[in-house]
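For reference, the structure is listed below as structure tokens.
The values are calculated or read from the model by the stated rules, or taken from the named source; none is laboratory data. Since this is a predicted model, take the numbers as computed values, not measurements. Counting neighbours? That spans all protein chains shown, and the Cβs are built from the backbone with ideal geometry, glycine included. Each accessible area value is taken on the protein alone, full model and side chains, heavy atoms only, with ligands, DNA and RNA left out. Shrake-Rupley method; radii C 1.70, N 1.55, O 1.52, S 1.80 Å.
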Amino acid sequence: MKIMIVSKPVKSVFKKSLELAKKLKDVKVFFDSTNGKKYNLPWQKIENFKGDMIITVGGDGTFLWTSHKTNLPILPLRAEGIGFLTRGDIKDVLKNPKIILEKKYKIKKYPKINILGNNATNEVVISRPKPSKIIKLQLTIDGESFSFMGDGLIISTPLGSTGYNLSAGGPIIYPKLKTFSITPIAPFNSKIKPILIPIDKKIKIDVEKNDCFVILDGNVEKSLSKGESFVVKKGNNLKFVEIKEENFFNKLKKFFTDKHF
């Protein structure tokens, strides 16, 4: 077996990542280039790694950053922070490394969003570039067009629905549903409400007034000018390593109550 560990570049987190690597006996372990170079350990670029899986150790940010660089199965482990997208705690795998060594896991697929040649795991945000300027967009779905004016739009995957989408008033999507959500951000004189659409639908978006930014998972950003257009559609599947069955509603209750924060 050949595994890469991508660790948040924080000393306390990397210490746990190194401990995990030592527990994975008879496994060829590589680290991402940042940590591998720093600590003089076997490393490869994430984009070039051709192994069985990648384990991220940190939180949601480490996982999302990695998901943009590979199509390999990813096991995101929480070492700190909230980590709603993570699929287990690093300390649990350290106690029972057989979960990985004996392949006691499942690989599940979740849809990404494709836009301008890139894939988003959580969401695509089409946003105004300046606080003083609103944007006007035209959305076309199945030949029907809708106009929107406001601060922007969020197009979210089921996995990403509990992030920015939820904060903006969008719906929480059950992970197994094959749908995307479109959620307006501070609409101005617009009757568009949050809507769910099947993942096989293509959304054509025309920029009608002012420039806009296209932001993918908070990491990738492109600027588009008035008069430009682009298409939002289903992208590659994210391959998620699940080490235990989780009750989605139990997780919602755990993470989205005042007691958790």
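Data for the structure
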quantity	calculated
Equivalent-ellipsoid semi-axes of the stretch 143-190, from the Cα gyration tensor, Å, largest first	21, 14, 6
Solvent-accessible ranking of E144, E19, largest area first, probe 1.4 Å	E144, E19
Rounded percent of accessible protein surface that carbon and sulfur make up, the chain, 1.4 Å probe	50
For the stretch 80-146: relative contact order, % (alpha-carbon pairs under 8 angstrom, 6 or more apart)	11
Over the chain, relative contact order from alpha-carbon pairs under 8 Å, at least 6 apart, %	18
Where labels lie 7 Å past Cα in the beta-carbon direction, separation of N71 and L252 in nm	3.3
Trypsin sites (Lys or Arg not before Pro) within the stretch 41-90: DSSP coil, no more than 14 neighbouring Cβ in 10 Å	K45, K50
Antiparallel content of DSSP bridges confined to the chain, in %, to 5	75
Qualifying trypsin sites (Lys or Arg not before Pro) in the stretch 138-244, DSSP loop, other Cβ atoms within 10 Å at most 16	K176, K178, K191, K201, K202, K226, K244
Over the chain: helical MRE at 222 nm, DSSP H runs n ≥ 4 each giving -39500 (n - 2.57), nearest 500	-5000 deg cm²/dmol
At R0 = 41 Å, FRET efficiency that the Cβ-Cβ distance of D200 and L94 yields, to 0.05	0.50
Distance in nm between pseudo-label sites at S147 and K193 (7 Å out along the Cβ direction from Cα)	2.2
Estimated vicinal HN-Hα couplings, Hz - the stretch 92-103 in sequence order (Karplus 6.51, -1.76, 1.60; Gly, Pro = x)	5, 6, 5, 6, 9, x, 4, 3, 8, 4, 9, 6
Net charge, K69 excluded, C-beta distance under 14 Å - Lys, Arg +1, Asp, Glu -1	+1
The stretch 168-261: GluC sites (Glu not before Pro) in DSSP loop, at most 14 other beta carbons within 10 Å	E228, E245, E246
Most to least accessible of M1, M53 (protein chains only, probe 1.4 Å)	M1, M53
